[in-house]
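Where a number appears in this text, it was derived from the coordinates with a stated rule and is not lab data. All of these numbers come straight from a predicted model, not from anything done at the bench. Glycine also receives a Cβ, built like all others from the backbone with ideal geometry; neighbour counts cover every protein chain displayed.
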Amino acid sequence: MTDILLRILTPSPDAAESAVGDETVLLHLVNGTYYGLDAVGTQIWRMLKDGAALPDICRRLVEDFGVDLPTIESDVRAFLSDLLAQDIVIDG
Amino acid sequence: MLAVRMVRTLSKHVAKQLSERPRIVHGQDFPTIEGWSVDLSAKTPSVSAEPTSNVVWSDERGFSISQVGPAGSKRMQVTFGTDISMEVDGLQRRVSNTSWRELNSADAHHFLADQVYPRILAQEGALIVHAGSFISRDRSVLLLGPSGRGKSTLIASFDQSGFVSMGDDACWISNEDGFALAESLYPSLRLFQDSLAAVFAGTIQTAPVGSHTMKRRVAPRPYLESRKVPVAAVFSIAEARSDEITVQRLSNADACMTCVENSFALDPSNAAQAAWRLKQASYLARAVPFFEIAYPRDYARLPEVRRAILDQVALLEPA
């Protein structure tokens, strides 16, 4: 199975979002799932919306948080797998 | 280190400013809502002849909401169990009894005021949350939670300890000049017999809530507030977890989702309305601190629960 970090993922057009301070709540308008992002999740979401490639997002998080790349990649994989399972991001 | 992930769905429960919002008017037999007609006669033939198209929401208590007619229709049917249902026609602005029987006054009052009207107001753009409320130092404190979580008992407890109650079931949230305001939809206080006996000293005048619940409606309190009051804080009532009384601040995202989860909707499947509720809930979550409170369901501990809430509210007050 292709590593999720090698896929091109974009926010679903059915995902509505609302900022609450430095956090974000996402709502899938068709299946009714909603999803809360903390500040780091919000940062990833913004980069996804800006069209950033997933490897670039990981590298940026390494720079910003000083955490090693394997740890960041593992966390981002889990995070994106959740969003993908809820159809909040889609292949694009 | 990364990204708290919280997933919930709107399947269970699912500030626009209205210059002239419809108000609930309490008549002698049943409440009405301004600008809407209500027909409580037994099932009308035109409605009964048309099949309900699909159930868009239901809960474990037996409530369901269905869309009547073709997709996109503005006719929704709100049903409880097998014997109470009403159709809400958004185009005609009409509520019709679609039950197989005529409703008695208590059932009509309960179903209209507690189930139908909050959803109509939500459909018209208001954020209506499932919350009781009381006033402390000229600000309202909201106690948020689904039915059965203990809102009414706690509100009655505050009522009996000298605080002004606003209501025990549904609050209209609005935004004026940057302040979140709460207004009870109507001044209700409905309790089971054991709560009545535990909270109210001596006898108190009550009436039945409806034929399908043993709850009793406390006679209107002379001082129940029906005005808009700035919101100090929102407490989401958690299920009892232990003998401990715990109060925990919710993150903004959790607060927003808790608010959406406890908001009313006439058509929970309507995407535009859901997005609008999300926006309103995020406004409230930004404007007001949310807490989760868990406590044992023991009447003897209610004074401690009240103190825990009031202590937290006091910490929010400017010095």
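Can you put B:Val247, B:Val38, B:Val231 in order of Cβ neighbours within 10 angstrom, beginning with the fewest?
Fewest-to-most Cβ neighbours within 10 Å comes out as B:Val247, B:Val38, B:Val231.
Would you give the gap between the C-alpha center of the stretch B:150-175 and the C-alpha center of the stretch A:22-73, rounded to a whole Å?
40
List the equivalent ellipsoid semi-axes of the stretch A:16-86 in whole Å, largest first, each obtained as the square root of 5λ for an eigenvalue λ of the Cα gyration tensor.
Working from the Cα gyration tensor, I get semi-axes of 22, 13, 11 Å.
Which pairs break 27 Å Cα to Cα here: B:Lys228/B:Lys279; B:Lys151/B:Lys279; A:Lys49/B:Lys74; A:Lys49/B:Lys279; B:Lys151/B:Lys228?
From B:Lys228/B:Lys279; B:Lys151/B:Lys279; A:Lys49/B:Lys74; A:Lys49/B:Lys279; B:Lys151/B:Lys228, over 27 Å: A:Lys49/B:Lys74.
Contact order normalised by length for the stretch A:16-86, with contacts defined as Cα pairs under 8 Å and 6 or more residues apart; what percent is it?
Value for the stretch A:16-86: 18 percent.
Helix A:69-85 versus the longest principal axis of chain A: what angle, 0 to 90°, nearest 10, using Cα atoms?
20
Calculate the spin-label point distance for B:Ala71 paired with A:Phe65, positioning each point 7 Å from the Cα along the beta-carbon direction, and give it in nanometres.
Inter-label distance under the simple model: 4.0 nm.
Return the FRET efficiency for the residue pair B:Glu176, B:Ala275: r is the Cβ-Cβ distance, R0 is 30 Å, and the value is rounded to the nearest 0.05.
Efficiency for this residue pair is about 0.85.
Starting from the Cα of A:Asp50, step 7 Å along the direction of its Cβ; do the same at B:Thr203; then give the gap between the two resulting points in nm.
Result for the modelled spin labels: 7.2 nm.
Would you list B:His26, B:His110, A:His28 from fewest to most Cβ contacts within 10 Å?
By the 10 Å Cβ count, ascending: B:His26, A:His28, B:His110.
When you look at the Cβ of every residue in B:270-279, what mean number of other chain Cβ atoms sits within 10 Å?
4
Projecting each Cα onto the charge dipole of chain A (Lys/Arg +1, Asp/Glu -1 at the beta carbon, about the Cα centre), which of A:Ala19, A:Val62, A:Gly92 comes out farthest on the positive side?
A:Gly92
Residues in the stretch A:56-92 near a label at A:Thr2, defined as backbone nitrogen under 12 Å from the 7 Å Cα→Cβ point?
The answer is A:91-92.
Treating only the Cα positions of the protein assembly as shown as identical point scatterers, give the base-10 log of I(q)/I(0) from the Debye formula at each q in 0.13, 0.14 Å⁻¹.
The computed values of log10 I(q)/I(0) come out as -1.13, -1.25.
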